[in-house]
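Here's the structure, in structure tokens; my notes come after.
The values are calculated or read from the model by the stated rules, or taken from the named source; none is laboratory data. Fair warning: this is a prediction, and the values are worked out from it, not measured in the lab. Cβ sites come from the backbone with ideal geometry, for glycine too, and all protein chains shown count toward neighbours.
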Amino acid sequence: MTHLKLEELVSYFVLAQPKGYNLLSERDFVRLIEDIGLEDANEFRQIIVRQLHEGRNIHVISAILAA
């Protein structure tokens, strides 16, 4: 899997949100990526997208990835 830059990864997550669920902003995803690190965000991006589709909020996703 190709590693994305910060801007690319933020766009990826924004666009990956379920239709009609775009409650999380680019700023929210920047914070998440800064919290877990760019390398980990790239590594776990499929997990993050799955959590978004399950309706998890950004704080829960961050906690899940920290565990």
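Quick check on my filter: what residues within segment 17-31 are over 16 Å from Arg45 (Cβ atoms) and modelled with pLDDT under 90? Selection gives Lys19, Gly20, Tyr21, Asn22, Leu23. Checking each residue of segment 51-58 against the condition of being of a type in the set (Val, Ile, Thr) and at pLDDT 90 or above gives no match.
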